[in-house]
Amino acid sequence: MAAAMSLSPPLAQGEGVLSFSASSSMRGVSLSSKLCNKLATVKCPPRFVAVAAPPRPQERSPASTGSVKQAMTMTEKILARASEKGTLSPGENVWVKTDILMTHDVCGPGTIGIFKKEFGADAKVWDREKIVIIPDHYIFTADERANRNVDILREFAQEQNLKYFYDITDLSDFKVNPDYKGVCHVALAQEGHCRPGEVLFGTDSHTCTAGAFGQFATGIGNTDAGFIMGTGKLLVKVPPTLRFVLDGEMPSFLHAKDLILQIIGEITVAGATYKAMEFVGSVVDNMTMEDRMTLCNMVVEAGGKNGVIAADRVTSSYLEGKNTKPFEPVYSDSSARFNAEYTFNVSKLEPVVAKPHSPDNRGLARECKDVTIDRVYIGSCTGGKIEDFIAAAKLLNASGQRVKVPTFLVPATQKVWVDVYTIPVPGANGKTCAQIFEAAGCETPASPSCAACLGGPRDTYARMNEPQVCVSTTNRNFPGRMGHKESQVYLASPYTAAASALTGFVTDPREFL
């Protein structure tokens, strides 16, 4: 808990950027008198209530109702509904019904093996329409074991007659595979599998991305996934919730990636261990769905169980045409108890990076200009969405310059790849991302997949097979994460990545925007 209550100010951001509140409603918190006195002097704005929440009837006094309804957070409400409980509190263990189980080529074969071992070789999954299998990690490789993993998924999907298996059979040209999508977390959203109020489990730690849609989404292991395959349920401990209020005006040079790196740098990689991270505030209200996905994607880098953002008109607009199933959003009660609350004045923030070798090793981009780099990588579930590429293209186009280091571009999905070649970049006289990237001397956009984000076989596209320094829009920079264990990865926004590609060193994007 101590890590979650860090009071250290952001690096060189100025006063008033972050404030922290703690109250008597915080469960299980023991504070020294000195710290309590310090917290008592911190002034925070009123807690935010989602604007899209339906109007609540006026509460009646206990004397007239006979009972008091327990206020709950969004995460608690979703789990209460899924476990058929009236109320839930942090720390309770409940059996939760699953709406969607997702797995991919890395963990799918292991999950299938456990399912067959525990339920029988001829067992059927609990619901053929609620399992989504998306090969995405080690796809465009000659590695026989990697290719065999996809074969195992295909055989299982056919055996079980699964409705949602996004297959790929021709590795020479991804475009001739109409079912193939690409990175699972982006594909889940694009294919309408992310719905407010539901529960989504996935055998990938970044499944928390889907919390941007107002659902409970979290990563699980193969054993838990195998159990869900057979039963549709999982025993879950209800996490307490941290609330992050992002207010102020978002500067044009900042990106959602900067915000989540700022937060992780503030609370550390252990600051949200087994906690829900709920994002609110005027900045979040004005974010696109893809920016919200970027925020939620990296909560696991702070140790979070899940990230969540309340559904609103932006959510409904994104889901229109993608989803045909009914859904019912839930919202945190105004009197819900939060483990802690952090407030950021976003207008005072600057572009940041996460220096090697941890996502919380935060530094200002402008203070890292002495770091010479060998390459830039723009891609992954965190940084490979179309808005990420548009951001990079806008900066490159504004500069009118060519990149000085190899700049690798990996669209997350087939749809993103098409958009890179077809959607005009705002303010670029009708030019597409692809046209701008080509003029700037970037590498040709690659086949959509996770590619070098997780390293993979040596022939994986853009994998670092020797010690190099890379500025990347991915989400982890541990030793060996993108290949060679002696490489150095600086996590950054698409703006900062593109600016760094133009100079050959870590660069503040304000130099070009």
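The values are calculated or read from the model by the stated rules, or taken from the named source; none is laboratory data. This is a predicted model, so every value here is computed, not measured. Cβ: placed from backbone, ideal geometry, glycine included. Neighbour counts: every protein chain shown. The protein model used for the area step is the full one, side chains on, heavy atoms only, and it has no ligands, DNA or RNA in it. Shrake-Rupley method; radii C 1.70, N 1.55, O 1.52, S 1.80 Å.
So the values come out like this:
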quantity: Residue under evaluation residue 238, criteria (1) in contact with a Phe, Trp or Tyr (Cβ under 8 Å, 6 or more places away or on another chain); (2) open to solvent by less than 10 Å² (accessible area, probe 1.4 Å); (3) more than 17 Å from residue 212 (Cα to Cα), criterion not met; calculated: (1)
quantity: Pairs with Cβ under 7 Å, 6+ apart, first in the stretch 106-130 and without any contact (Cβ under 8 Å) to a residue 40 or more places away in the chain and farther than 22 Å from residue 147 by Cβ, second open to solvent by 50 Å² or more (accessible area, probe 1.4 Å) and not aromatic (Phe, Trp, Tyr); calculated: 128/161; 128/163; 129/163
quantity: Breaking point among (1) outside any loop (DSSP other than H, G, I, E, B); (2) under 19 Å from the mean Cα position of the chain (by Cα), for residue 310; calculated: (1)
quantity: Hits in the stretch 385-417 (condition: of a type in the set (Lys, Arg) and part of a loop (DSSP other than H, G, I, E, B)); calculated: 385, 402, 404
quantity: Complete set of residues in the stretch 72-91 that are in contact (Cβ under 8 Å) with a residue 60 or more places away in the chain and either aromatic (Phe, Trp, Tyr) or assigned to a helix (DSSP H, G or I) (or both); calculated: 74, 75, 76, 77, 78, 79, 81, 82
quantity: Any chance residue 457 is more than 21 Å from residue 357 (Cα to Cα), open to solvent by less than 10 Å² (accessible area, probe 1.4 Å) and not aliphatic (A, V, I, L, M); calculated: no
quantity: Some residue of the stretch 431-449 being closer than 22 Å to residue 419 by Cβ, part of a helix (DSSP H, G or I), open to solvent by 40 Å² or more (accessible area, probe 1.4 Å) and small (Gly, Ala, Ser); calculated: yes
quantity: Test set (1) hydrophobic (A, V, I, L, M, F, W, C); (2) part of a loop (DSSP other than H, G, I, E, B); (3) over 20 Å from residue 395 (Cβ atoms) - residue 453 fails condition number; calculated: (2)
quantity: Index of the failed condition, residue 467 passing every other in (1) farther than 26 Å from residue 135 by Cβ; (2) touching a residue at least 40 places away in the same chain (Cβ under 8 Å); (3) surrounded by fewer than 24 Cβ atoms within 10 Å (Cβ to Cβ); calculated: (2)
quantity: Of residues in the stretch 485-513 being open to solvent by less than 10 Å² (accessible area, probe 1.4 Å) and β-branched (Val, Ile, Thr), the one farthest from residue 457 (Cα to Cα); calculated: 507
quantity: Residue list for the stretch 161-189, filter: assigned to a helix (DSSP H, G or I) and out of contact with any Gly (no Cβ under 9 Å at 6 or more places or on another chain); calculated: 175, 176, 187, 189
quantity: The stretch 342-373, subset of a type in the set (S, T, N, Q) and buried (at least 19 other Cβ atoms within 10 Å of the Cβ), residue nearest to residue 244 (Cα to Cα); calculated: 343
quantity: Within the stretch 92-129, tally of residues that are closer than 30 Å to residue 333 by Cα, outside any strand (DSSP E or B) and open to solvent by less than 40 Å² (accessible area, probe 1.4 Å); calculated: 1
quantity: Selection status of residue 225, touching a His at 6+ places or on another chain (Cβ under 8 Å) and either crowded, with 24+ Cβ neighbours inside 10 Å or under 30 Å from residue 302 (Cβ atoms) (or both); calculated: no
